[in-house]
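To keep things clear, I will list the structure first and then write my remarks on it.
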Amino acid sequence: MTGETIRALAFAGAVAAASMGAATGAQAGAFGLREQSAQGLGLSFAGSASGAAGVSSIFWNPATVTMRPGFVSEQSLTFVNLSGEIRPTVGTAPFLAPFGDSGEIGQGAVLPSGATSYQLTDRLYVGIQTGAPYGLVTKPRPDWAGSIYGRSSRIFSLAFNPVIGYRVNDWLSIGVGANIEYFRLTLRQAVPVAGLSPAFYPPAFLKGESWSAGWTAGATITPWDGTVLGVGYRSSVHHDIDGSFAVPNPAIAFAVGAVKANLNTPEKLSVGLTQAINPVTRINLGFEWDNWSRVGDIAIVSKLLGVPVTELPLKFKDSYFYSVGLEYDWSPNLTVRGGFGYDDGPIDNSNRSVRLPDSDRYIVSVGGSYRWSDKLTLNASYAHVFIQKNRIVAGPGQNYNVGNIPFAAIADGSADLVSVGFRYAWDSPASVAPAPLVRKY
């Protein structure tokens, strides 16, 4: 690898890292995030593993790094406007019910992401993708009826995914990469104290963070012109989280102040198919499996005592995402697209909480790409996420139980997403390697 190549990749990585900000919202089930590409959002992420999400397809399948010759960078910003409310119902403890609903728990957020690919030889490519694979912010009113089960929740992550891809021949490419990940969480709730009104319950919090790493691998198959099948895999990342746990009793807070926890993020398997119907129209199909059941229950262990002091009883199930999208080249410079997706999420009535009142969701999206010049392409997309209304039940005999105090509610929510971005070709390679699909944008 030449010094020029190293400098080019370092510059691209620095630009992407500098763009990273707070990552919040949860649009891929539980606290996962799928918003890694403005182009991909317009297709509801259909065909992302087969390259339909642009350079950022590296997130789903590192082998797609071989699909674009030369030196190409892509950046996206996605605004997530998450809206949700939790309304107590019959079954909530009588002394809690008068404190009412959560108010608006959703928080708006901007999610940056980026990707760069660089062609070393006719067959060998390198690249890097950066983004936030996990994130969450829910913040109800401080003194609502469910405050003992959650006052606020925040999860923040960063991931850097350097990859290398190899074109074995004209129909097969393979890729592998590392996934370097930072994870941080902060959870707050009220602590019930006998003799006090719920309005005066003191707070407790749990904080922690970790750096760790995993790996990615994938392949693309082009059996004939106009068809691409892609399969990608992201491994679980094992996080040894160091943090602190505080409750209002000073003696207990001293005993369990420093804590640790083990978190295993879910593996992800992505499958994508892109099929050209005619020279200007393509259909994309997508499938994703996330092994959320791997997360399990998370024990919070005192570093001083070496024993669990509390637990996060998540009990997620595996999730499955299905999507379909259509692209049409309106003109040599303009491509329009639309998509639909269904997310069979990891949360149901048995494990839904006020911190994460998630449910199955549907996504409908539209978008477009405009080729401003031979080097610059602009991307924009909009999507609406319909989250199914469902129940929350906590208390005696339930997955979530604080002091045997019953809480029942209806959770309702939705999200609007707007994503903009650009792709820039830094050079004009003299020799263009055969691409699996010829795209006009």
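Numerical summary
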quantity: Single residue of the range 60-84 satisfying the filter (open to solvent by 10 Å² or more (accessible area, probe 1.4 Å) and of a type in the set (A, V, I, L, M, F, W, C)) that is nearest to residue 153 (Cα to Cα); calculated: 82
quantity: Verdict on residue 138 being in contact (Cβ under 8 Å) with a residue 24 or more places away in the chain, surrounded by 23 or more Cβ atoms within 10 Å (Cβ to Cβ), farther than 30 Å from residue 70 by Cβ and under 23 Å from the mean Cα position of the chain (by Cα); calculated: yes
quantity: Residues (of a type in the set (Lys, Arg) and farther than 28 Å from residue 221 by Cβ) located in the range 147-184; calculated: 151, 154, 184
quantity: Wholly enclosed strands (runs of 3 or more DSSP E) of the range 319-386 bearing at least 2 residues open to solvent by 70 Å² or more (accessible area, probe 1.4 Å) and not charged (D, E, K, R); calculated: 319-329, 361-371
quantity: Hits in the range 249-288 (condition: crowded, with 16+ Cβ neighbours inside 10 Å, assigned to a loop (DSSP other than H, G, I, E, B) and at pLDDT 95 or above); calculated: 265, 266, 267
quantity: Residue in the range 106-120 that is modelled with pLDDT under 95, open to solvent by 10 Å² or more (accessible area, probe 1.4 Å) and over 23 Å from residue 417 (Cα atoms) present; calculated: no
quantity: Matching option when the condition is open to solvent by less than 60 Å² (accessible area, probe 1.4 Å) and either in contact with a helix residue (DSSP H, G or I) (Cβ under 6 Å, 6 or more places away or on another chain) or of a type in the set (Ser, Thr, Tyr) (or both), among 204, 199, 246; calculated: 246
quantity: Of residues in the range 146-175 being under 30 Å from residue 91 (Cβ atoms) and touching a Ser or Thr at 6+ places or on another chain (Cβ under 6 Å), the one most open to solvent (accessible area, probe 1.4 Å); calculated: 154
quantity: Scan of the range 154-188 for residues that are free of Cβ contacts under 8 Å to residues at least 60 places away in the same chain and farther than 24 Å from residue 49 by Cα, ordered by number; calculated: 184, 185, 186, 188
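Table: residues versus (1) under 14 Å from the mean Cα position of the chain (by Cα); (2) assigned to a strand (DSSP E or B); (3) over 14 Å from residue 419 (Cα atoms).
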residue: 30; (1), (2), (3): yes, no, yes
residue: 39; (1), (2), (3): no, no, no
residue: 46; (1), (2), (3): no, no, yes
residue: 49; (1), (2), (3): no, no, yes
residue: 55; (1), (2), (3): no, no, yes
residue: 65; (1), (2), (3): no, no, yes
residue: 69; (1), (2), (3): no, no, yes
residue: 75; (1), (2), (3): no, yes, no
residue: 81; (1), (2), (3): no, yes, no
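Conditions (1) closer than 30 Å to residue 63 by Cβ; (2) at pLDDT below 95; (3) among the polar types (S, T, N, Q); (4) open to solvent by 70 Å² or more (accessible area, probe 1.4 Å), marked per residue:
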{"position": "399", "(1), (2), (3), (4)": "no, yes, yes, no"}
{"position": "415", "(1), (2), (3), (4)": "no, yes, no, no"}
{"position": "420", "(1), (2), (3), (4)": "yes, no, no, yes"}
{"position": "424", "(1), (2), (3), (4)": "yes, no, no, yes"}
{"position": "428", "(1), (2), (3), (4)": "yes, yes, yes, yes"}
{"position": "439", "(1), (2), (3), (4)": "yes, yes, no, no"}
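The values are calculated or read from the model by the stated rules, or taken from the named source; none is laboratory data. Quick caveat: nothing in here was measured; it's all calculated off a predicted structure. Note that each Cβ is placed from the backbone with ideal geometry, even for glycine, and that neighbours are counted across all protein chains shown. SASA here: full protein model, heavy atoms, side chains in, ligands and nucleic acids out. Shrake-Rupley method; radii C 1.70, N 1.55, O 1.52, S 1.80 Å.
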